[in-house]
1. Sort F130, F162, F70, F198 so that the residue with the fewest other Cβ atoms within 10 Å of its own Cβ comes first and the one with the most comes last.
2. Taking 22 Å as R0, compute the FRET efficiency from the Cβ-Cβ separation of R221 and Q143 and round it to 0.05.
3. Would you mind working out the magnitude of the charge dipole of the range 12-269 relative to its Cα centre, with +1 at each Lys and Arg C-beta and -1 at each Asp and Glu C-beta, to the nearest 20 Debye?
4. Which shape class applies to the range 145-205: rounded if a/c is under 1.5, otherwise prolate when a/b exceeds b/c and oblate if not, where a ≥ b ≥ c are the square roots of the Cα gyration tensor eigenvalues?
5. Using 0.36 nm times the number of residues separating R68 and H201, minus their current alpha carbon distance, what extension gain do you get?
6. Per 10 Å bin, what is the whole-percent P(r) computed from every C-alpha pair distance within the chain?
7. Could you please report the charge total around C146, scoring K, R as +1 and D, E as -1 over all other residues with beta-carbon less than 13 angstrom from its beta-carbon?
8. What is the helix-to-structure angle for 261-271, meaning the angle in degrees between its Cα long axis and the longest Cα principal axis of the chain, kept from 0 to 90 and rounded to the nearest 10?
Amino acid sequence: MTTTTAAPSTPKLSWVSALYIGGLHVAALLALYHGYFSWSGLALCLFLHWLTGGIGICLIYHRLLTHRSFTFRPKWIEYPMTMLGCMASEGGPLGWVSDHRRHHAHSDDENDVHTPSEGFFWAHMGWFLFVEDSSHHTPEYFQRWCPDLVKDPVHRFIEKTFILYPLALFAGLYLAGQWYGNLGMSWLVWGGFVRTIFVWHTTWLVNSATHLWGYRSHETRDDSTNLWWVAALTYGEGWHNNHHAFQTSARHGLSWWEVDPTYILIWTMQKVGLVYNIKLAKVRKAAAPASSLVSAATASVTPSGPRLLEEAV
Ligand SMILES: [Zn+2]
Ligand SMILES: [Zn+2]
């Protein structure tokens, strides 16, 4: 994208975000009470971290809605999957996608919504708590950054109702836990509160840690890095320098040791016919002879097979 954004203003505290984020951090402290611990609650915490963070945020909000690196067959599957993203309590799809596309358009410059050049805390969670005038989620902001989603009435509906999905999950966890064996508070605290904090801080590490620490495989115009422990916590999203170099690639782990569980899932879904139109990075090796490079044109001949792509960095 080549659009520019007005110079950022002094950020103002978003009371709604602060109360929600602060409130859930305090509520998660209930996990320190041993009476609320259960092994089933811990299992739910880990499973829902994957379902709402790994599937909801990394697979759906990021690789599907922001970058359209693959397509569901049939397409409507993306709507209930988007609701899983809402359950991570990181806002609705239009807001998340707009902020992230702006991050790519202005990576680590003064109009980046979350660059660690303004400090680790700002990149990690400060930008979520303190909002600049240019970052408010207005209809104009959405029209500028995600006109494709604005056109979709279902995604507009999900955006307007996004807070209902995590609240419904909290209520469902409590009721199901009570029904299962008087474990309502345990499932709510571990599967709801602790899991949400866990999803927040692991996905936020992609904005903070992987623009600060790690190695760079590609010369991009930002400070993005590849960092194994963030990749481990975010199902492959920590191969972030690769991602900035090849933004629409469904696969972020590009070397054999860069394990990318989210791409493995996309690949598996393609094998069973659930997705198609997968876009993949074509990594150009400087010393390689031209004949060893696969032509993007010939790699695109099968409509349902992976498509290779190159991006200027
Ligand atoms: Zn980034
Ligand atoms: Zn991205």
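1. If I rank by nearby Cβ atoms, fewest first, I get F130, F198, F162, F70.
2. Plugging the Cβ-Cβ distance into 1/(1 + (r/R0)^6) gives 0.25.
3. Dipole magnitude for the range 12-269 comes out near 780 debye.
4. Since a/c reaches 1.5 but b/c is at least a/b, the shape of the range 145-205 is classed as oblate.
5. My answer for the length gained is 45.4 nm.
6. That works out to 6, 25, 34, 24, 8, 2, 0, in percent per bin.
7. Charge balance near C146 sits at +1.
8. Once rounded, the angle reads 70 degrees.
Values quoted throughout were computed directly from the atomic coordinates according to the rules given, and no laboratory measurement underlies them. None of the values given here were measured: they were computed from a predicted structure. Neighbour counts are summed over all protein chains in view; Cβ atoms, including those assigned to glycine, are modelled from backbone coordinates with ideal geometry.
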